[in-house]
Structure formats: structure tokens, C-alpha cells
2 protein chains.
Amino acid sequence: MVRPGGRSARVQASVHAAVRELASELGRDALTVPLVAQRAGVTPSTIYRRWGDLQVLLSDVAVERLRPDTTPGDHGALPADLTAWAEQFLDEMASPAGRAYIRDALLGDPDGGNAGQCSAYAAEQIDLVLTRAAGRGERTPDVETVIDQVVAPMMYRILFRPDGLDAAYAQRLVAGVLAPAGDTP
Amino acid sequence: MVRPGGRSARVQASVHAAVRELASELGRDALTVPLVAQRAGVTPSTIYRRWGDLQVLLSDVAVERLRPDTTPGDHGALPADLTAWAEQFLDEMASPAGRAYIRDALLGDPDGGNAGQCSAYAAEQIDLVLTRAAGRGERTPDVETVIDQVVAPMMYRILFRPDGLDAAYAQRLVAGVLAPAGDTP
DNA sequence: GCCCCAGACGCAAAGGGTTCGCTTTAAGGT
DNA sequence: ACCTTAAAGCGAACCCTTTGCGTCTGGGGC
């Protein structure tokens, strides 16, 4: 059990900070548990006991970094809102840093909880955009539909086909999910 | 440079075989480089030099296992062909073993080549199904469209949302990509 | 406000995985 | 048949990982 205000919390914060610092100083591949422990002012065994593995620790830190830090902008209409969000999402996730975080989040993930959290972040953002549009009286697709037809294709290509991803692709996906019926010849 | 018929090829085959054997005997998590090396009749340093890392080696083996071993069945019509293929794909990939292979393939993948190979396998199968349908005179969607709207959503859910995946989901995705226009109220 | 106890951390040693320089072998070309 | 070169074998040093035990923090009960 993690005690929110006690020593455990201090150790966790210190270790997470050490990971972020060292990752930016030495590069992600140079990280080792003893190195992180030293920077955090902690013994390696503490990290091994709490996280079990460097990959699990990196997964934890990655999920923190994948949490969106801004709410989707309001451009007055659903197509503009969703397009802007998708473009920003793709831009962040397709970058080398974004890819590394996604891989780390998926990697050291014993029960799939971290990956599920990432998906939940995107779902929240989309739900916010769709709810706002519905409040304006616009017809909106389902959140699941947007995830299937916009988020999933972007993620698939980020993970499996690193080439040829740009804002135009995000625009096409959004246009596809918002098109009521076959106006994409 | 890998010499196809020489000692390098024998070593590679021997190491790959050792990984498969030990993975089924001891479990995937019990694998270590020295263990694999001993079973393969090779020194550990050989594996480290060639693959650099246990994860890279596992990625190599995983891609081999993700290669489809059967050609998609011919059911006489595109909807039936594509549905059958998607159901089988989802079934194989969503299983615990399939998930483990996908993770391994993505993880130890320095340049993204292995992941790209996985995607290429699926694209080949889909292209075969679509080409056959086009030969019958049926109207067919683009391969890229099928990947975006069928393969990508399945993969996304396999990786990020381990729950609630069944054949019905695959059927819905295929129905969606084959529907000419908004007949999914 | 004090005491108690479960859980977490520090410490240190043993074991095993990883790296690296050097040597040896084998495949392919001349 | 010889030469060139890339890859594998070998061994030692280094570092990461694991584990048991003692100590300490901090929350809950009295």
C-alpha cells in the first residue's frame, strides 16, 4: 500500500524525477537501475522491490508523460475541434520521444493497466470534444467510433509503420468519421 | 553480412530453435541469453554480438511466428472472405500467446523493421483477398482502407484495451468497411 | 498524546548476466 | 590452393540483480 503523504511518496517522486532527469541528460538507453537509484538518493534494492524491473519503472514514468496537459481547444465546430485534436495527438505521439514513451508504456506493463490508462486519456479528451459539440446541437459520432477510426489507425501506423505520417493523414481520418455517407469517392 | 549457407545461418537457426524450445519448456520469462546459448551450442558472446540484446532476439523469433502459415480461405464472396480472415486474425492475435509475440516483436525493434514486417504480412493477406474479389467483379475497398478500419482497431484494442474482444467485433469492423454508405444507424 | 505494528527502506554479500579484447575458424573470391 | 574478411570462440573483468536481515518510518488503536 502506498502511503500518500509519507516516505513512500517521497521516494516515488524522487525516483520518477531521477528517471526524467537522467533520460534527458544521458539518453533513455543509458538508464540503469543503480544509476537512477544513486540520483534519487535511494538504494537499488528499493527500486527493485517497488517496481521489480527497470522496464516497469519506465512504464510508470511514460504513462505520466502521456497524460495530456491541455484541454482540447474550442474552435466553434466539431470538425475543427476534432481535426485540431487529432493533429496535435499525432504530432506528439509520432515524434521520436512520443514513440519511446508509447513503447515504454506498453513494455513494462504486467496487467495492461498502464496501456489502458493511455487509452483512457485519449477517450476523455475525445469525449470532451464530442460532448461540447452535442451541447451545440451538432450530430456527433460515438466515442468508440472515433477511437476505432481515428485513434486506432494513427496508433497502428505509429507502432507498425513509422513512415509517411503527417497532419493530412489525421485530417483524412477525421473527415472519414464525420462524413455521414459515401462522399469519399 | 549474413552468409545464407554458411556457419552464420546454422548459428541463427540453432539459436532460434533454442529460443522456441526453451520458451515452451520453461516459459518465456525464464529465458536468459546464457541459457539460450548453451542450448544452441554457442557462446553467449555470439548472441550478444549478433543481436545485442535478448529482446532483439525475441523480437526476431516473434516475427517468424507471426508470419501467417495459411492463405485466406475462399468463400465465394468478399464479405465472407474478409470476415473469416478478420475473425481468425483477431483470434490468433488476441490470445495470450499472440499478445506476447506482438509485444516481443514491437519491443526489441531498433529500426522498426520487425514491426513493419508484421504489418506487411497482414497487408499481403488482405491484398490477396481483395484481388480475388476484384477478379470476381466485386467492388473492393483499398488495402490501406481495410488496414485503417479493420486491422488497426483490432490491434489497438489488443494492445491498449485487453477486454471485450470477440468475433462480433471483427464482424462489425468488416461490415463497416464494406458498407457503401451510412447503413449503420 | 502515546504506543504498537505492518510495511518499506538501507545495507551488504553472493550469484549471474553483460561486455570487451584477443584468438581462431570458416566461407567466398582470386 | 591461397588469401581476405567477417563471424564465432574464449576468458576475464565489470556491473547489474537478487536476497536475507536489521532498522526505521508512519498510520491506527488505545
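Where a number appears in this text, it was derived from the coordinates with a stated rule and is not lab data. From a predicted model like this one, the values you see are computed outputs, not experimental measurements. Positions of Cβ are generated from backbone atoms using ideal geometry, with glycine treated the same way; all protein chains shown enter the neighbour counts.
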Rounded FRET efficiency, nearest 0.05, which uses the C-beta distance separating A:HIS75 from B:ARG172 and R0 of 35 Å | 0.70
Within a Cβ distance under 15 Å of A:ALA152, other residues only, what is the Lys/Arg minus Asp/Glu net charge?
-> +1
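Sorted from fewest to most neighbouring beta carbons within 10 Å, what does the list A:ASP127, B:ASP60 look like?
On the way: A:ASP127 12, B:ASP60 20.
Going from least to most buried by this count: A:ASP127, B:ASP60.
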The range A:89-185: trypsin sites (Lys or Arg not before Pro) falling in loop per DSSP and having at most 15 other Cβ within 10 Å = A:ARG136, A:ARG139
For the protein assembly as shown, the dipole about the Cα centre with charges only on Cβ (Lys and Arg +1, Asp and Glu -1), to the nearest 20 debye, works out at 1420
Using alpha carbon coordinates only, what is the Rg to Rh ratio of the protein assembly as shown, with Rh defined as the Kirkwood radius?
-> 1.00
Per residue of A:117-123, other chain Cβ atoms within 10 Å number on average 2
For the range A:52-81 and the range B:13-48, compute the distance between their C-alpha centroids and round to whole Å.
-> 38
Zero-based 10 Å bins, Cα pair distances in chain B, whole percents | 8, 32, 29, 19, 10, 2, 0
Counting Lys +1, Arg +1, Asp -1, Glu -1, what net charge surrounds B:ARG39 among other residues with beta carbon under 14 Å of its beta carbon?
-> -1
Folded to 0 to 90 degrees: helix B:113-135 orientation relative to chain B principal axis, Cα = 30
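Per-residue mean of other chain beta-carbon atoms within 10 angstrom of the beta-carbon, peptide A:141-152? Show your work: numbers first, answer last.
Values: counts 0, 0, 0, 2, 3, 0, 5, 12, 7, 2, 4, 13.
Counting Cβ atoms of other protein chains within 10 Å of each residue's Cβ and averaging gives 4.
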Given +1 on the Cβ of Lys and Arg, -1 on the Cβ of Asp and Glu, and no further charges, what dipole in debye does the range B:1-92 carry about its Cα centre, rounded to the nearest 20?
-> 860
For label points placed 7 Å from Cα toward Cβ, what is the shortest-first list of nm distances from B:ASP163 to its copies?
-> 4.0
If the label for B:SER8 sits 7 angstrom from Cα along the Cα-to-Cβ line, what are its distances to the same label in every other copy, in nm to one decimal, shortest first?
-> 5.2
